[in-house]
1. Could you give me the ³J(HN,Hα) list for segment 100-117, computed from phi with Karplus coefficients 6.51, -1.76, 1.60 and θ = phi - 60°, whole Hz, x at Gly and Pro?
2. Taking amide H positions as placed in the peptide plane 1.01 Å from N, state which residues far from Val129 in sequence (5 or more) or on other chains have amide H under 5 Å from it.
3. Which three extents, in angstrom, do the Cα atoms of segment 53-152 have along their principal axes, listed largest first?
Amino acid sequence: MIDRRLLLRTSGVAAAGALGAAALSPAAAAETTGHSPAHHPVDPDPTAGVTRTLLQEHPSPAEGWEAVQTLVQIPRHKESGRHSHPGIEVGYIIRGDVLMEFDDRPPLRLRTGDPFFIPNGAIHNARNVGTVTTMMLSTYVVDETKPLVTTY
């Protein structure tokens, strides 16, 4: 059974991105940047189209924690946006090329077939630097009382 509360928490980044994209039309982007979109394309929302699909969730053996698995898809030239998780993330790049950027360490280039690990609370951003929609399998062990994703 899928916890709808969790599904809403995990899709917050994508929903916020979609709302941001809808709120900022090309004309509004031109007003904000002072440039015409035709001459200087501006991506008003670099996270637009990013999805996080809940695959499964289970209580962890450690009280107060849960295991959550998602399929994250990041379209070409898009990014997840700076965020953190209240626990660890263990992931695998199913398809695509990602530059995983961190606030506290050098970026990590990941390609199809690469595993990755994000420590508890690390602020990071997954930027699609490839030619296809990136697909990442992410498994989290997180504090069940906190949102899965906190954006910055």
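Bear in mind that the values in this text are calculations on the coordinates, not laboratory data. Keep in mind that this is a model prediction, so the values were computed, not measured.
1. 8, 9, 10, 6, 10, 7, x, x, 10, 8, 10, 10, 2, x, 7, x, 8, 9
2. Amide H neighbours of Val129, under 5 Å, 5+ apart: Asp97, Val98, Leu99.
3. Principal-axis extents of the Cα atoms in segment 53-152, largest first: 41, 27, 19 Å.
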